[in-house]
Each structure stands twice: as structure tokens, then as C-alpha cells.
There are 2 protein chains.
Amino acid sequence: METLRERKKQRTREALLRAALELFTTQGYEHTTVDEIAEAVDVSQRTFFRYFAGKEDAAFAVQAMTEEHFVAAVRARPAHEAPMEALRQAILQGWDAIRGTVETAVPIDLHLRMYRTIESTPALLAAHLRRSAATEETIARLLAEREGVDVDADPRPRLAVAVFGAVMRVTERQWCKGDDLSLGAVRQLTASYLDQVGSALTGNWRADRDH
Amino acid sequence: METLRERKKQRTREALLRAALELFTTQGYEHTTVDEIAEAVDVSQRTFFRYFAGKEDAAFAVQAMTEEHFVAAVRARPAHEAPMEALRQAILQGWDAIRGTVETAVPIDLHLRMYRTIESTPALLAAHLRRSAATEETIARLLAEREGVDVDADPRPRLAVAVFGAVMRVTERQWCKGDDLSLGAVRQLTASYLDQVGSALTGNWRADRDH
DNA sequence: GAGGTTAGTGTCAGCCTCTGACAATTGACA
DNA sequence: TGTCAATTGTCAGAGGCTGACACTAACCTC
């Protein structure tokens with residue numbers, strides 16, 4: 001943020017991002033045109049595409065930050081931790097750290113509402129799942145290196161990470177459907193669901209149906 | 001397939017589908033325009049959109065058949081089977097049944113090559129993951145009903161199905177990357193990876209690194 | 001501080017996906 | 001054979017996205 005130029009650029013980008021998220025969450029992603037976003041910030045449509053690769057890119061700009069944060073958190077876990085435990089700790093601590101990371105760019109409330117929009121917009125949900133898949137690949141390589149196994153010969157890193165990702169997806173989905181759209185709620189859901197994976201796989205659900 | 005009209009429609013649809021998949025797999029999905037597909041079958045662009053909701057819809061027309069087949073296979077499993085075992089049997093038997101199901105519409109080889117294209121095309125991969133998520137939701141409800149639990153109150157059905165789906169994704173990915181693009185190869189990979197989930201989750205990979 | 005350099009922006013033209021409207025064609029059926 | 005209905009083609013247009021080029025504003029040097 002040295003020169004006037006850079007500050008102006010930063011401001012334009014943030015204005016575009018905020019306008020985009022605001023429009024997406026209020027009137028829907030599909031019903032928001034790039035022209036509208038550009039007009040709300042009073043720049044040309046062409047300028048929008050100079051800051052974002054497309055509508056989708058704007059929709060996930062904040063998510064991208066939290067993903068990076070999560071990867072860094074996994075990398076920072078002590079080497080003696082078992083893989084799944086490292087992932088669990090990283091995600092739980094990640095939910096706490098989001099507030100600080102995100103709020104530099106966008107109101108935290110807007111970011112949380114955007115989750116709902118993503119979950120209920122087919123095109124965005126698809127993009128979200130693909131992004132998650134990419135992150136999982138990164139994490140799988142990271143864990144494989146940590147544990148000293150070959151990620152291409154041994155399927156266990158990818159399997160473990162995929163299972164973890166699957167639990168996270170179910171968590172997000174349930175969280176978005178509920179009323180309590182707070183960080184505390186998602187943190188609690190995350191821990192709860194991670195604890196139930198084992199029980200879910202053994203598959204004797206009929207024994208105790210009062211879950 | 002009674003009237004001449006219906007036969008013509010069927011032929012047009014199959015011609016469009018085959019032309020689309022052929023073009024997608026040879027010159028790439030993004031580099032194929034709808035105009036090209038329509039021209040290859042000698043119909044107007046508008047007609048293509050009367051048969052398919054979009055390029056993407058054409059790309060997944062065959063996958064949609066196999067997904068339905070899988071859901072039906074799960075529904076047909078005996079009630080005494082544990083959930084995960086039912087899924088395992090359904091998918092393994094599904095891989096065998098694909099040949100018959102698919103070949104009525106498209107050469108089996110073309111369908112298998114399409115998997116690779118999907119896996120290597122970001123837009124298609126995203127759509128594929130979303131479709132899988134939708135199928136998983138269907139299966140989760142099915143299993144919940146089978147086991148007599150409430151799918152919205154008890155997270156275990158969704159968790160189990162999500163984990164299963166995660167394993168399938170890793171399997172598909174590895175299969176597409178390899179050389180042997182046959183049904184036997186994917187069947188074997190599927191069984192192998194399903195067997196390794198437990199081992200992957202316990203997370204003591206360092207003990208035996210020779211997987 | 002004037003003048004040249006560079007970065008960011010606006011404008012314009014164009015491609016591609018997809019949709020609605022209307023007219024033309026073709027199969028179905030009495 | 002003539003009417004009816006379904007299928008198709010044509011046309012126009014919205015919306016996402018990109019390349020080219022000119023213009024403006026910030027930067028940097030003298």
C-alpha cells in the first residue's frame with residue numbers, strides 16, 4: 001500500500017468485491033449482472049474483468065483467503081500428530097481465525113451470508129466443490145510428505161483427506177440450512193460431526209436411533 | 001419408438017450426443033462450440049438446445065444413466081445388509097452392468113474416454129462433483145429410510161454416503177490418470193480403495209509405508 | 001515544475017452460450 | 001386429402017467474457 005496508485009487499486013477491488021457479494025446475497029447470483037456490479041461502483045464492465053476473472057471469481061474471493069489460511073494451519077501442525085487429528089485441529093482453529101482474516105476485506109456477516117448463497121446456487125455449489133477438491137489435493141500432498149509416503153503410490157493420504165473433506169461438506173450443508181449462522185455454531189457442528197464419522201461407518205444405526 | 005416422429009427424434013438426439021462426445025473427447029470441451037456440434041449433425045443450433053439444456057447437459061447425458069442405475073441398484077439391495085456394504089455391492093455390480101446400459105446410446109469406449117475429459121476439464125469436473133453431491137443426497141435419504149432413522153436429525157446417513165462418495169472420487173481420479181481405461185481396472189480399483197479407507201483413517205501410515 | 005514513461009481505465013467490436021418469438025415444415029390422423 | 005400438432009429453422013437479443021486501441025492519471029527524471 002505504498003503509492004497512491006496501489007491504494008486506489010485496492011479500494012476499487014474492495015468496492016467491486018463488496019458490491020458483488022452484496023448483490024449476490026440479496027438478489028441472487030444468477031440475477032446479478034456484471035454490468036450491475038460495475039455500475040454500483042461506477043466503473044466500466046471491462047474494469048471488473050481486470051480485477052476478477054469472472055463473476056465466479058468474485059464470489060469466491062473471500063473463500064480463497066480462508067482456504068489458504070487452512071492450508072497454512074495444517075502445515076503448522078506438529079509433526080507427531082496423526083493426520084486426521086492434524087486436520088481436525090487445523091479446521092477448528094481455522095474457524096476461530098476467520099474473523100480476523102476476513103474482516104480486513106469484507107464485513108464478516110456478508111461473508112457468512114455468502115455461504116448460504118453458494119450452497120443454494122447450483123453453479124456456485126459446483127465451483128465450490130471443485131475448489132474444495134483442489135484444496136484437498138494440496139492437503140493430501142502435504143500430509144504424504146509429512147508422513148513420508150508417496151502420494152501417487154499410496155492412496156491413503158488422498159483417501160483420508162477426501163473423507164475429511166466429505167465430513168466438512170456435510171457440516172457446511174447442515175450449518176447453512178439451520179438458523180444459527182454464527183462462527184460458534186459452525187465450530188460446534190464441525191467437532192460434533194467429526195466425532196460421528198466412525199459411528200456412521202460401522203453402520204449399525206438401528207441399534208441406537210436416538211442420535 | 002412407435003411413430004416415425006419419435007424414431008426421428010431419437011436418432012437426432014443420439015446423433016447430437018455422439019457428435020458432442022466425439023468432439024469433446026478429441027478437441028476438448030472448451031474448444032468445442034455448440035455450432036460445431038449442430039453442424040456435424042446438420043441441424044440448427046437452436047435444435048441442439050431443444051434436446052439438451054446446454055453443452056454441459058450433453059456431456060453428462062450418459063453419466064446420468066449410470067447414476068440412475070446405481071441408485072436403483074442400492075434400492076435393490078437386501079434390507080439386512082449394513083449400509084456401507086450395500087453401497088459397496090451396488091457400485092461393484094454397477095460397474096459390471098454399465099456396458100449393457102450405456103452401449104444402447106453410445107460406444108462404451110467413447111463413454112470411458114469422456115470420463116478423462118470430465119476429470120481434466122475444470123468446468124466439467126465442477127459439474128460432475130455437484131451431480132455426485134445430488135446423487136449422494138438421494139442415497140442418503142434412501143439409506144435413512146431403510147435403516148429407520150431421520151435423515152435431518154441424524155447425520156450418520158449423510159456422513160456415511162459422503163465418505164463413500166469421497167472414496168469413489170479418489171478411485172475415479174486415479175483410474176483416469178492410469179493407462180488401463182477398462183471396466184475391469186476400475187472395478188478392481190474400487191474394491192481395493194474401499195478396503196483401505198479404515199486403514200487410511202487410523203492414520204498410522206508410517207508403520208508400514210509399503211502400500 | 002515540465003515532459004516523458006507507465007499503469008489503469010473506457011470504449012468498441014466481437015465470440016460464445018442460451019432463450020423467446022414467430023414462421024415454415026413435416027409427420028399424424030380423420 | 002386436408003386439418004392439426006409437433007418439430008425445426010430463422011431471427012433478435014441478453015449476458016459473460018476477451019482483444020485492441022485510445023485516453024487519462026500517477027509516477028519519475030531532469
Dipole magnitude of region B:58-211, debye to nearest 20 (Cβ charges: Lys/Arg +1, Asp/Glu -1, about Cα centre): 300
Cα-based reach from B:LYS9 at 15 Å (exclusive), listing aspartates and glutamates while leaving out same-chain residues under 8 positions away: B:ASP42
Separation in nanometres of the label points that stand 7 Å from Cα toward Cβ, at A:GLU14 and B:GLU68: 5.3
Shortest-first distances to equivalent copies, position A:ALA123, nm, label 7 Å out along Cβ: 1.1
Averaged over A:165-173, number of beta-carbon atoms from partner chains that fall within 10 Å: 6
Accessible-area value, B:LEU189, 1.4 Å probe, nucleic acids and ligands omitted, Å²: 40
Top positive-direction residue, dipole computed over region A:74-211 with Cβ charges, set A:GLY203, A:TRP175, A:PRO83: A:TRP175
Region B:73-211: proportion of alpha-carbon pairs further apart than 26 angstrom, %: 29
Qualifying GluC sites (Glu not before Pro) for region A:12-47 [loop in DSSP, other Cβ within 10 Å: at most 15]: A:GLU30
Solvent-accessible area of B:THR12 with every protein chain in place, 1.4 Å probe, in Å² to the nearest 10: 40
A:HIS80 accessible area, 1.4 Å probe, all protein chains in place, Å² to nearest 10: 150
Cα convex hull of region A:4-57 - mean projected area over all directions, nm²: 3.3
Averaged over A:123-131, number of beta-carbon atoms from partner chains that fall within 10 Å: 6
Chymotrypsin sites (Phe, Trp or Tyr not before Pro) within region A:32-106, DSSP loop, no more than 16 other Cβ atoms inside 10 Å: none
Chain B: relative contact order in percent, alpha carbon pairs under 8 Å with at least 6 residues between: 19
Efficiency of FRET from Cβ geometry, B:ARG75 and B:ASP35, R₀ 35 Å, rounded to 0.05: 0.30
Shortest-first nm distances, A:THR66 label point to equivalent points in other copies (7 Å, Cα→Cβ): 3.3
Orientation-averaged projected area, Cα convex hull of the protein assembly as shown (nm²): 24.0
Listed residues A:ALA82, A:ALA73, A:ALA191, most fluctuating in chain A (Gaussian network, C-alpha, under 10 Å): A:ALA82
Probe 1.4 Å, accessible area per residue of the protein assembly as shown, Å²: 47
Paramagnetic label zone (point 7 Å from Cα along Cα-to-C-beta, A:ALA82; backbone N under 18 Å) in region A:176-200: A:191-200
Candidate lysines - alpha carbon under 26 Å from B:LYS177, same-chain residues fewer than 8 apart omitted: B:LYS55
Pairwise label distance in nanometres, B:ASP42 with B:ARG99, each label 7 Å out on the Cα-Cβ vector: 3.5
Residue-averaged beta-carbon neighbours from other chains (10 angstrom radius) around B:194-205: 6
Local electrostatic count, B:VAL161, Cβ distance below 10 Å [Lys/Arg +1, Asp/Glu -1]: +1
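The values are calculated or read from the model by the stated rules, or taken from the named source; none is laboratory data. The structure displayed is predicted, hence computed values, not measured ones. Note that each Cβ is placed from the backbone with ideal geometry, even for glycine, and that neighbours are counted across all protein chains shown. Calculation scope for accessible area: heavy atoms of the full protein, side chains included, ligands and nucleic acids excluded. Shrake-Rupley method; radii C 1.70, N 1.55, O 1.52, S 1.80 Å.
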